[in-house]
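Asker: Would you mind keeping the following structure in view while I ask a few things?
Throughout, read-outs are computed from the coordinates displayed, never taken from laboratory work. Quick caveat: nothing in here was measured; it's all calculated off a predicted structure. Cβ coordinates were reconstructed from backbone atoms using ideal geometry, including for glycine residues, and neighbour counts include every protein chain displayed.
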Amino acid sequence: MIIKTDDYIVEANELNVCKLIGTMRLPSPLSYDHPFSPVRKGIEEATDLYEIDVTQLEYLNSSGITALARMIILARKEDKAIRLKICNDIPWQKRSLMSLKSLWEKLFIVSI
Amino acid sequence: MSLFEFGRQTSIVWSGIALEKEPFFSHESSLNFKLDIGNIQHWHKCSLISNFIGQYFSESYEEKKQEINSMVSTITNELLENAVKFSPSSYRFIGLSIQEKKEYITVLVTNTSKKKHAEKLKHCLELAKSMPLDEFFHKRILFNAENDIQNSEIGLISLMKDFPVCLGAQFSLLPDPVFVDVSLMAIINLEVFFD
């Protein structure tokens, strides 16, 4: 499944993997319900470690970080391990996403 | 002292910097915007302005341009989105001012907000002084998720937690007691990039 707009792409075509690409600065966490619906579905149906790849996500605002945190909380409820793949060259990612580790012990963050 | 004594301005001191004492006006360069709510509610414009601000001010720093660009854009965007969310349409304008002096970039956003929202902002800044920011972030994320809260202070907490930035706010009463003028300032310390 792919959700594509002028600003971002949410790509979930492979099992156990989704990618967030572009800039996601939507008005509220609720606004992320639709774009993150493939992520939610992917977590619920994951058969193994579920990877969320944000290495091509240039910006994510605080509403997006909140929405992403809710995906991590969902993964905890479903007891699904998550690998969050981040990019060292995108400065805010390491700063802002490391805090999500406190939400779920099976959240693994890898940086490339 | 109550924050909202009629007819008096009061200030929040954050991290030792009092808003009225900050050498805000002795800057080296600045950009100033007056944004019409009716226009800026085309939400994408917040991002466009923030990206421009990031690119413009990072031009001065060749070595760390990408990092500073990303950081300034992120901080400006959070402050701008915050002001847009909490500005009633009856008060049309948001002020945005970005000033640069030596190793500091200061982002100031001014808007008019309902008193209850201003009080929440004040409370957030005061709480941020009382506990480790990682803990504050964690608690707020969980609370918001459990209570399905859409508008929270996660953005401001993230700025304080993740970036070399000091936040301060000033509140001024208006003749209409329902509303308050809010000035929210982020002072970004760029020295950390050049240690």
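Asker: R0 = 45 Å: FRET efficiency of residue A:45 with residue B:130, Cβ-based, nearest 0.05? Don't skip to the end; give the middle numbers.
Answerer: On the way: r = 42 Å, r/R0 = 0.93.
About 0.60, to the nearest 0.05.
Asker: Sequence gap of 8 or more, or different chains, plus Cα separation below 20 Å: how many lysine pairs satisfy both in segment B:57-191?
Answerer: Close lysine pairs found across segment B:57-191: 18.
Asker: Another question, then. Given Cα pairs under 8 Å that are at least 6 residues apart, what percent is the relative contact order of segment A:1-72?
Answerer: 36 percent
Asker: Sticking with this structure for a sec: Filter the trypsin sites (Lys or Arg not before Pro) in segment B:127-195 down to the DSSP loop ones having no more than 13 other Cβ atoms within 10 Å, then list what survives.
Answerer: Sparse-neighbourhood loop trypsin sites (Lys or Arg not before Pro): B:129.
Asker: How long is the gain from residue B:45 to residue B:119 if the chain were fully straight, where each residue apart is worth 0.36 nm and the alpha carbon distance is subtracted?
Answerer: In short, 23.9 nm is gained.
Asker: Additional query: Considering the options B:89, A:88, A:29, tell which one lies farthest towards the positive end of the dipole of the protein assembly as shown, charges being +1 on Lys and Arg and -1 on Asp and Glu at the Cβ, about the Cα centre.
Answerer: Comparing the listed Cα positions along the dipole, B:89 ranks first.
Asker: Averaged over its residues, how many other protein chain Cβ atoms are within 10 Å of peptide A:63-74's Cβ atoms?
Answerer: Neighbouring Cβ atoms belonging to other protein chains average 4 per residue here.
Asker: Amide H of residue B:101 versus every other amide H placed in the peptide plane: which residues, excluding those fewer than 5 positions away on the same chain, fall under 5 Å?
Answerer: B:28, B:106
Asker: In segment B:33-72, what GluC sites (Glu not before Pro) fall in a loop by DSSP, with at most 13 other Cβ atoms inside 10 Å?
Answerer: Sparse-neighbourhood loop GluC sites (Glu not before Pro): B:59, B:62, B:63.
Asker: Once amide H atoms are placed 1.01 Å from N in the peptide plane, what residues at a sequence separation of 5 or more from residue B:112, or on another chain, have their amide H within under 5 Å of its amide H?
Answerer: Amide H neighbours of residue B:112: B:182.
Asker: How many lysine pairs in segment A:64-112, separated by 8 or more positions in sequence or lying on different chains, have Cα atoms less than 17 Å apart?
Answerer: So the count of such lysine pairs works out to 7.
Asker: Determine the shape class of segment A:12-112: with a ≥ b ≥ c the square roots of the Cα gyration tensor eigenvalues, call it rounded for a/c under 1.5, and otherwise prolate if a/b is greater than b/c, oblate otherwise.
Answerer: Values: a/c = 1.37, a/b = 1.18, b/c = 1.16.
Rounded, since a/c falls under 1.5.
Asker: Under 1.5 on a/c is rounded, so check that first for segment B:114-191, then, if it is not, pick prolate when a/b is larger than b/c and oblate when it is not; a ≥ b ≥ c are the square roots of the alpha carbon gyration tensor eigenvalues.
Answerer: On the way: a/c = 2.47, a/b = 1.21, b/c = 2.05.
Oblate, since a/c reaches 1.5 and b/c is not below a/b.
Asker: Then there's this: What shape does segment B:62-157 have by the C-alpha gyration tensor, where a ≥ b ≥ c are the square roots of the eigenvalues, rounded means a/c under 1.5, and otherwise prolate means a/b greater than b/c and oblate the rest?
Answerer: oblate
Asker: Within chain A, which is the longest segment that contains none of the GluC sites (Glu not before Pro) sitting in a DSSP loop with at most 16 other Cβ atoms within 10 Å?
Answerer: On the way: sites that count: A:14, A:105.
After excluding every exposed loop site, the longest remaining stretch is A:15-104.
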